[in-house]
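Comments concern the structure below.
The values are calculated or read from the model by the stated rules, or taken from the named source; none is laboratory data. Keep in mind it's a predicted model, so treat the numbers as computed, not measured. For neighbour counting, all protein chains shown are included, and Cβ atoms are generated from backbone atoms with ideal geometry for every residue, glycine included.
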Amino acid sequence: MNKKGSLMHWTIFGIMVALGVFLFFSKTGQVDVGVKGEWSTDFLVNNVLVAEKESLYVDSVAIKTGREIAQELAENSGFPPGKSSDCATINSINLWNKENKKCFPVIKESLNEHGQKKLTEKIPQNSYFNIEFKDTFFLADGDEKDIITPAGKYYYQTDFIVDLGYSFQEYDSLISTAINLLATCQNVNDLSTCLTSNKLLNWKDTSCNTENFFAGREIGFCVISTSLNSVKYKFALDFTPTGALSVDNTQVQTQTDRYEISVAKDDTADSYKVYYTDYLALASQTGKAIDIFAQVPTNLLYSHSSWIINKADLNTDCTTKEIAQGYLCEDKMIYVVGKSSLSQEYGSYIFAVTTLKSGTESDIQSFISS
Amino acid sequence: MKRFNKRGMLDDLFDFLFTITAAFFLLIFLGAILNGGVNESNEQAVTKVAEFRQTESAVNNLRIQIYQQDNFLSIEEIDDQVAGSKVLAGRVITGCSDYITKTDCTGDAVRIYTNTPGFSCDWDDDGECYTAPSIT
């Protein structure tokens, strides 16, 4: 074999040895073909997905926390837990008013105060700022965190925005309804009837099931949220009259020589005022007596007048009643009007009664015909 | 001028044929080895991507559960439920609410609650599958 031929043989032999070494190490796993996209999938699984799971956990806690905040504020009348209304409380329920003083909760302040506290308590490993409740969403900015693995370093934000399915704007309509209810019923004698006929259907007493509004004039309410059943607003309203109470259910008993006008007694009133007129067109009028009787024509012989009966002058012996006297019989105030004192002894009249308190007079709620 | 004799020419021809033959087998060998490795690598890559997608879908399923069912999950529960998710006809099932047919739901087709005694999947009147305490 010449030199050229010998080199060729050795080259082939060398290649075969190299191949043998390669195969040997391939079998033992020391030399292998790398998996395509291994780094990418490792990065996604060990970094991105871990961050996703963390984010899911934060969302889960945020929803739970947001709903707890809603429940706790509602339970404490819209005030942060532990804080009381400036209008005091009844049976641990905050009053939203005290006579004329209004103490409605400022929800935005309550949320900022309580939201930050709850988030720190529930997710202590993260810190949150710019906490907001917009419509039904609960959102907050969080710190940047990172996850370091052999595949690399992954940064992510711990911010969250979750839908609570509940809006704190419910307080606006609740407060607005409370203001209307106070305006309608605060100066009404029969508070229970007024509340029953004017409150919304989902307004219950503090048991949240029944509608017993009979105890006093500071009334506790429970309103279950229409969007989130677990949110039960508990608050109280003070219906203590700020002026004279208007009079309902005036009754007239006609006798031969007299009319007996009776109304439910009003412990808050200083005195009662009984009106009459023969101008029957006023029968359906309500409002201030001075405005109503200003409508009586002065040039057509119509008459109207009134009598004031001081509470201190009321007689409690009801066995016999005298004309032009007031009586307190059980739970009724009765005033006896002599027919002879009216302008036409046998004409038709309508009567109305108001109460006076500290110089203010209640509105006329209705007239009653003789 | 140099002239080849007959023996030298025959020797060169055998060298040439030997080289061709050796190279042929070598290349077949190399091709088989490398192809095998690449196929295995592809399979592993596809499996990893599928696992990633399953995990991602499971996380999304849990996100929906949290919103729809007022369902609070701890980080351990998230890990457990993601790890326990299964694939049914290309759809990742993480909880009862991921079933879309009554048969799959009531039979718990992928046995998502097999290892969780006291729970089962029930079909409600609105046509949705929900997790219920087992009646059996």
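If only residues of region A:294-322 that are part of a loop (DSSP other than H, G, I, E, B) and in contact (Cβ under 8 Å) with a residue 24 or more places away in the chain are counted, the one that is farthest from residue A:258 (Cα to Cα) is A:302. Entry remark, region A:215-254: residues being over 15 Å from residue A:178 (Cβ atoms), crowded, with 19+ Cβ neighbours inside 10 Å and not hydroxyl-bearing (Ser, Thr, Tyr) number 6 in total. Only residues that are touching an Asp or Glu at 6+ places or on another chain (Cβ under 8 Å) and either surrounded by fewer than 17 Cβ atoms within 10 Å (Cβ to Cβ) or within 14 Å of chain B (Cβ to nearest Cβ) (or both) were counted in region A:160-192, giving 4.
Each row is one residue, and each column tells you yes or no for (1) of a type outside the set (Ser, Thr, Tyr); (2) closer than 30 Å to residue A:37 by Cβ.
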position	(1), (2)
B:45	yes, yes
B:52	yes, yes
B:67	no, no
B:82	yes, yes
B:93	yes, yes
B:103	no, no
B:123	yes, no
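For region A:323-337, a residue qualifies if it is closer than 15 Å to residue A:308 by Cα, not hydroxyl-bearing (Ser, Thr, Tyr) and not in a loop (DSSP other than H, G, I, E, B), and the qualifying residues are A:326, A:328, A:333, A:334, A:336, A:337.
Of the set (1) on the phi > 0 side of the Ramachandran plot; (2) touching a residue at least 12 places away in the same chain (Cβ under 8 Å); (3) not hydrophobic (A, V, I, L, M, F, W, C), all apply to residue A:114 but (1). All of (1) in contact with a Gly (Cβ under 7 Å, 6 or more places away or on another chain); (2) at pLDDT 90 or above; (3) under 30 Å from residue A:239 (Cα atoms) hold for residue A:91 with one exception: (2). When you scan region B:14-24, do you find a residue that is more than 7 Å from chain A (Cβ to nearest Cβ) and either of a type in the set (Asp, Glu) or closer than 19 Å to residue A:48 by Cβ (or both), even just one? For region B:14-24, residues more than 7 Å from chain A (Cβ to nearest Cβ) and either of a type in the set (Asp, Glu) or closer than 19 Å to residue A:48 by Cβ (or both): absent.
Residue B:18 fulfils the conditions (1) in contact with a helix residue (DSSP H, G or I) (Cβ under 6 Å, 6 or more places away or on another chain); (2) part of a helix (DSSP H, G or I) except for a single criterion, (1). Test residue B:45 against the criterion of being out of contact with any strand residue (DSSP E or B) (no Cβ under 9 Å at 6 or more places or on another chain), without any contact (Cβ under 8 Å) to a residue 12 or more places away in the chain and more than 7 Å from chain A (Cβ to nearest Cβ), and give yes or no. No: the conditions fail for residue B:45. In region A:52-81, of all residues being touching a Lys or Arg at 6+ places or on another chain (Cβ under 7 Å) and β-branched (Val, Ile, Thr), the one that is farthest from residue A:104 (Cα to Cα) corresponds to A:61.
Can you work out which of the residues in region B:63-73 that are farther than 15 Å from residue A:160 by Cβ and either in contact (Cβ under 8 Å) with a residue 12 or more places away in the chain or at the interface with chain A (Cβ under 7 Å from one of its Cβ atoms) (or both) is surrounded by the most Cβ atoms within 10 Å (Cβ to Cβ)? Among them, the one singled out is B:65. In the set (1) at pLDDT below 90; (2) within 16 Å of residue A:269 (Cα to Cα); (3) in contact with an Asp or Glu (Cβ under 9 Å, 6 or more places away or on another chain), residue A:363 fails one condition alone, (3). Evaluating residue A:133 against the criteria (1) within 30 Å of residue A:354 (Cα to Cα); (2) out of contact with any Asp or Glu (no Cβ under 9 Å at 6 or more places or on another chain); (3) surrounded by 19 or more Cβ atoms within 10 Å (Cβ to Cβ) leaves one unmet condition, (1). Of the candidates A:60, A:84, A:92, A:40, the single residue that is surrounded by fewer than 18 Cβ atoms within 10 Å (Cβ to Cβ) and within 14 Å of chain B (Cβ to nearest Cβ) is A:40. Being more than 30 Å from residue A:39 (Cα to Cα), surrounded by 15 or more Cβ atoms within 10 Å (Cβ to Cβ) and not basic (Lys, Arg) is the filter here, so list the residues in region A:117-130 that pass it. Matches in region A:117-130: A:119, A:123, A:128. Condition test on residue B:97, is it among the hydroxyl-bearing types (Ser, Thr, Tyr), within 19 Å of residue B:118 (Cα to Cα) and either touching a helix residue (DSSP H, G or I) at 6+ places or on another chain (Cβ under 7 Å) or within 11 Å of another protein chain (Cβ to nearest Cβ) (or both)? Criteria met by residue B:97.
The condition (being of a type in the set (A, V, I, L, M), modelled with pLDDT under 85 and in contact with a helix residue (DSSP H, G or I) (Cβ under 8 Å, 6 or more places away or on another chain)) is satisfied by just one residue among B:34, B:73: B:73.
Apart from one condition, residue A:150 fits all of (1) modelled with pLDDT of 90 or more; (2) exposed (fewer than 15 other Cβ atoms within 10 Å of the Cβ); (3) under 28 Å from the mean Cα position of the chain (by Cα); the exception is (3).
Checked against (1) within 19 Å of the chain's Cα centre (by Cα); (2) surrounded by 14 or more Cβ atoms within 10 Å (Cβ to Cβ); (3) within 25 Å of residue B:110 (Cβ to Cβ), residue B:43 passes all but a single condition, namely (2).
Residue-wise test of (1) surrounded by 12 or more Cβ atoms within 10 Å (Cβ to Cβ); (2) within 20 Å of residue A:277 (Cα to Cα); (3) touching a His at 6+ places or on another chain (Cβ under 6 Å); (4) at pLDDT below 85.
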site	(1), (2), (3), (4)
A:309	yes, yes, no, no
A:315	yes, no, no, no
A:319	no, no, no, no
A:329	yes, no, no, no
A:332	yes, no, no, no
A:335	yes, yes, no, no
A:338	yes, yes, no, no
A:346	no, yes, no, yes
